[in-house]
Structures are given as structure tokens and as C-alpha cells.
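The values are calculated or read from the model by the stated rules, or taken from the named source; none is laboratory data. Just so we're clear, the structure is a prediction, and the values are computed from it rather than from any experiment. Cβ: placed from backbone, ideal geometry, glycine included. Neighbour counts: every protein chain shown. With ligands, DNA and RNA removed, areas are computed over all heavy atoms of the protein, side chains included. Shrake-Rupley method; radii C 1.70, N 1.55, O 1.52, S 1.80 Å.
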Amino acid sequence: MPIPVIFDTDIGSDIDDTWALVQILKTPELDVKLITTDRDDTIYRTKLICKMLEVANCTYIPVGIGCVQEHVYTNPRQAPWVADYDLDPYPGVLHTDGVDALIQTLMNAPEPLTLICVGPMPNIGEALDREPAIAERTHFVGMHGCVYKSVKGEGSFPEANVKNDIAACQKVFAAPWKSMTITPQDTCSFVKLTGKHYQAIRQSNDPLLEALMDNYDIWANNTAHDPDIASSVLFDTVAISLAYTSEHLVMKNMGIRITDDGLTVPDANARHVDVALDWTDLHAFHQYLTNRLLSPTVQ
């Protein structure tokens, strides 16, 4: 049976969240119960989600508008794609309090859900404050941190999904989830589609992949990325796959602590987490991801 999940995303900043959204909509192993938008300008992010769901004919999936953080700057690089998009006539269920929708979905589920988080986590921090019992009923999967290395080389650094809300991340990493699994930069920063893998996506006439490429073209404008050649780094796609399989990954269960300056450090006394530290076969994951993106959208 498909695994019931909630997808919490800061889509609209890095383009990898948009790739992850398309991936999750094409993953029959997962049953998406709710999508929530997280971090600062959540109205902009919600427009991206809702328009993509309309393209995919997936408006049966409820959407929740997450915490609006004032005085936090968003670079809305995909804004032209939703410039004329109006949420008012959206045909699906749209919750104005996404945190409450997340809590109710988790607490009322007949079985434990998996919460997939691919951004900073003000929504999850707020949800834990409102209803701490969500953790013990939920499996957590996230794209967070850098433990030992990244595509940049050896050494840890404050990864964006951690440093953009350190307090919330510390709260999440200390919570008593039924299980906790993360892909840090040690693995996810090496994921990038090139060559035949990328061109299969680029040349597809699947409406959802065409919308993805339209967003990538807009996002890549005035950057060093060339959308005709390769994807950017697709960090968040690893978290989607980790929600149901660790194939192609080297996993280690270890204590992880989030420091006050945003580092993700091993600590035997901290809460233990299943961490994807390396690849057994990165090429195989690229092939898997390509095949999954080219597969039919789950209806």
C-alpha cells in the first residue's frame, strides 16, 4: 500500500523544490495527504503549488498556506510563472491555516504518516508548539544539514534549510518522532541530471514536465545555469525517495545535534537519526530519478 505523506516545502526559492513536487506527484509508492508551503512569502509559494497541481490534474490533494514570516526576504525567482494566477477560484481544498491543517491531518490519521520536509521548518516548529503529540505519531524525512562533506568538498557548513530557521530546526531534531531520516549535503548535493538523462526530461511533451521546464527557464534567467544543458543540483529529490526506500544510499544511524550557528554535528548524546552519508551507486539514482519523472502522474 502507498505510504501516506505530508509534503512541506519552500518551493519558489531554489528550483529543486519544483523538481521534488513533480517527482512526488509521479511516485505511486506515496499517497500525498497534504502539501504545505513553508517560509516567509507563503502566498507566492502556494500559487506555485496550486498552479502545478492544476497542470497535473491533482487538485484532489489539499494545500495549506504556511506561516507567513514578515521581515524575511524572499527572492521570488519563479514569480513570472504565477504573475496572473489567482488563488480564489482554485478548485481544490486550500487551507488558510496550513499549520492547523498539518496538525489535524497528522492527529486524525488512522495510521502514522510520513512528514517530508525540504526547506526551513517554521511550520513544523509552530506545529510542535501547538500540538507536541504530532511527533510520536509521525515519521520524519528531511533534506537538512551537512555532516562531513558536500559537492563543494570536505568540511561541514551551515546548510540553508538549517540556517534559515535554526531555532525551528533544533526543535524538530529534538522531537520524539517515530523515526527520523535525513539526506544532508553529503549525498543530495551530488544529484544533477545531465546528458541523456536530462535531455529525456527536457524534450518530454508531458504537460507537468513542460511546466517544470518553463519554471526552470524562468528561475535560471540571469544565473550561470543553462537549462538547455543540465539541471541544477536536485537536493530535495533524495528526500522524496527516502520516504520509501534507501536504495543506492549508505545509511548510518547516529546522534545529530543542530548548533546555535546552524551546523549539523555528530553527537552521541543527541537524538539518533538515520543519515544518508554516501552513495553506493549515484548513476543508478540518476537513472531511477529520470525514469520516475518520465512516468505517468499518479491520479
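Between the DSSP loop rule and a limit of at most 10 other Cβ atoms within 10 Å, which GluC sites (Glu not before Pro) in region 1-70 are left?
Glu70
Region 143-260: percent of C-alpha pairs farther apart than 24 Å?
For region 143-260, the share of Cα pairs beyond 24 Å comes to 38 percent.
With each label point set 7 Å from Cα along the Cα-Cβ vector, what nm distance links Asp226 and Glu210?
2.6 nm
As a check on your grasp of the helix formula, calculate [θ] at 222 nm for the chain: sum -39500 (n - 2.57) over DSSP H runs of n ≥ 4, divide by the residue count, round to the nearest 500. Write down the numbers at each step before the final one.
Working: 11 runs with 104 residues, N = 299.
About -10000 deg cm²/dmol.
Given N residues in region 91-180, what is its alpha carbon radius of gyration divided by 2.2 N^0.38 Å?
1.20
Across all directions of projection, what mean area in square nanometres is found for the Cα convex hull of region 33-109?
Mean projected area of the Cα convex hull: 5.3 nm².
Placing unit charges on C-beta atoms (Lys and Arg positive, Asp and Glu negative, everything else neutral), compute the dipole magnitude of region 39-119 about its Cα centre in debye, rounded to 20.
Numbers: 5 positive and 10 negative charges, 56 e Å.
That gives a dipole near 260 debye.
Kindly work out what percent of the DSSP beta bridges joining two residues of the chain are antiparallel, to the nearest 5. Walk me through the intermediate numbers first.
On the way: 12 of 39 bridges.
Rounded to the nearest five, the antiparallel share is 30 percent.
Got a number for carbon plus sulfur as a percent of the chain's accessible area, 1.4 Å probe?
50 percent
Going by a ≥ b ≥ c, the root eigenvalues of the Cα gyration tensor, does region 4-134 fall in the rounded group (a/c under 1.5), the prolate group (a/b larger than b/c) or the oblate group?
Oblate shape, in that a/c is at least 1.5 and b/c is the bigger or equal ratio.
Please report the net charge: other residues with Cβ closer than 14 Å to the Cβ of Asp278, K and R +1, D and E -1.
Around Asp278, the surrounding residues sum to -3.
Given a 1.4 angstrom probe, what's the average accessible area per residue across the chain, in square angstrom?
Details: 11900 Å² over 299 residues.
Computed with neighbouring chains in place, this is 40 Å² per residue.
Which listed residue (Thr280, Pro184, Val68) has the Cα farthest towards the positive end of the charge dipole for the chain, taking +1 on Lys and Arg C-beta and -1 on Asp and Glu C-beta about the Cα centre?
Selected residue: Thr280.
Can you tell me, using C-alpha contacts under 8 Å and at least 6 residues apart, the relative contact order of the chain as a whole percent?
21 percent.
Per q in 0.14 1/Å, what log10 I(q)/I(0) does a Debye calculation on the alpha-carbon atoms of the chain return?
Scattering profile of the chain, log10 relative to I(0): -1.02.
About the Cα centre of the chain, how large is the charge dipole given +1 on each Lys and Arg Cβ and -1 on each Asp and Glu Cβ? Please answer in debye to the nearest 20.
Value, rounded to 20: 600 debye.
Put +1 on the Cβ of each Lys and Arg and -1 on the Cβ of each Asp and Glu in the chain; which of Tyr44, Val151, Ile124 then has its Cα farthest toward the positive end of the dipole?
Val151
May I ask which of Lys51/Lys252; Lys47/Lys149; Lys47/Lys152; Lys171/Lys252; Lys192/Lys252; Lys26/Lys196 have a Cα-Cα span longer than 31 Å here? Intermediate results must be reported in sequence, preceding the final value.
Numbers: Lys51/Lys252 38 Å; Lys47/Lys149 35 Å; Lys47/Lys152 33 Å; Lys171/Lys252 22 Å; Lys192/Lys252 23 Å; Lys26/Lys196 20 Å.
Over 31 Å Cα-Cα: Lys51/Lys252; Lys47/Lys149; Lys47/Lys152.
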